[in-house]
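Worksheet: the structure to be examined is printed underneath.
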Amino acid sequence: MQDHMLIEGGRALRGSVAAGTAKNAVLPIMAAAVLTEEACVLENVPNLRDVAVMSEILRSLGADVQAESIRGDGAGLRLTICAEHINTHAASDVLMGELRSSIFVMGALLGRLGRATVAYPGGCSIGPRPIDLHLMGLRALGARIEERFGRIDAYAPALVGTEIHLDLPSVGATENIMMAAVHARGVTVIRNPAKEPEIVDLQGFLNTMGARVRGAGMDAIIIEGTANRLRGTAYTPSPTGSRPVR
């Protein structure tokens, strides 16, 4: 180990670096692809284990997920997700338990099919991260939810837009509510939402599918529910996030 570092300045820097897409942006967008029967193509997806696990969870629902390498180093993927034929029971407890973001399929399934049965999410151990705000928000939209035998069963024949105030600006709860609310009847307003860049990215993805969402990154997110089918889309999630969209 050297005890000093010598930096000689005065030279212009040039070149390029390929920036990978943020994992926290990709995973909820992958779940949101369930909201349409048509194919969604996601570009520059990081080749990570969490992405592979989420792909398996979507396959367990009946979705077709194809991954194609788009960079010579194998770090970037093009994912094509087609959820034309899916069921309401998400994966095995083992798969769901491997990934915290597995809970996102709950909001997407409720929005698309009005029913979802999922195991509790797992993932990395970075302290307690309860899902009570997720369930509160989905119940506010009209979902009936039962927790038993380590699984969560949600049923919502008709989601209805409402105003939801989050006690804490939970990223996951904000995303789950957004996905469920795009097909709710009427307008949903999320107060005190999370403002992270991945929230803005999810809004961008949903809107390219035909949803009507605005306010991500700000103090309130407004979702105008649509009875129309959402369409497939091609989307490149952001590496670093975007500016808030009014």
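Note that segment 154-170 has calculated 3J(HN,Hα) couplings of 10, 9, 8, x, 8, 6, 10, x, 7, 9, 10, 10, 8, 4, 10, x, 6 Hz, one per residue in order, obtained from phi through the Karplus relation 6.51 cos²θ - 1.76 cosθ + 1.60 (θ = phi - 60°); glycine and proline are x.
Sum -39500 (n - 2.57) across every DSSP H segment of at least 4 residues in the chain, then divide by the residue count to get the 222 nm mean residue ellipticity, nearest 500. List each step's numbers first, then the result.
On the way: 7 runs with 69 residues, N = 246.
When only DSSP H runs of four or more count, the value is -8000 deg cm²/dmol.
Amide hydrogen proximity for L77: with H placed 1.01 Å from N in the peptide plane, the residues at 5 or more positions away or on another chain lying under 5 Å are N44, V45, N47, I70.
In the assembled protein chains, R212 presents an accessible area of approximately 110 Å² (probe radius 1.4 Å). Within the accessible surface of the chain, defined with a 1.4 Å probe on protein heavy atoms only, the carbon and sulfur portion equals 51 percent.
Using a probe of 1.4 Å, the accessible surface attributed to L48 totals some 80 Å² when neighbouring protein chains are kept in position.
Between Y155 and T226, the modelled labels are 3.0 nm apart [label points 7 Å from Cα along Cα→Cβ].
Which helices, counted as full DSSP H runs in the chain, have an axial Cα extent of no less than 30 Å and a Kyte-Doolittle average of -1.0 or above? TM-like helix candidates: nothing returned. Ranking of V160, V213, V17 by solvent-accessible surface, largest first: V17, V160, V213 (1.4 Å probe, protein heavy atoms only, all chains present).
Heavy-atom accessible surface of E146, to the nearest 10 Å², is about 100 Å², with a 1.4 Å probe and all protein chains retained.
Remark: the Cα gyration tensor places the chain in the prolate category, a/c being 1.5 or greater and a/b exceeding b/c.
When +1 charges are put on Lys and Arg Cβ atoms and -1 charges on Asp and Glu Cβ atoms, the dipole computed for the chain relative to its Cα centre reaches about 520 debye.
Ranked highest first by the average count of other Cβ atoms within 10 Å around their residues, in what order do 54-62, 93-101 fall? List each step's numbers first, then the result.
Numbers: 54-62: 20.1, 93-101: 18.4.
Highest to lowest by the protection proxy: 54-62, 93-101.
Close amide H contacts of G161 (hydrogens built in the peptide plane, cut-off under 5 Å, sequence separation of 5 or more or a different chain): R185, G186, V187.
The values are calculated or read from the model by the stated rules, or taken from the named source; none is laboratory data. Because the structure is a prediction, the values reported are computed rather than measured. Positions of Cβ are backbone-derived with ideal geometry, glycine not excepted, and every protein chain shown enters the neighbour counts. With ligands, DNA and RNA removed, areas are computed over all heavy atoms of the protein, side chains included. Shrake-Rupley method; radii C 1.70, N 1.55, O 1.52, S 1.80 Å.
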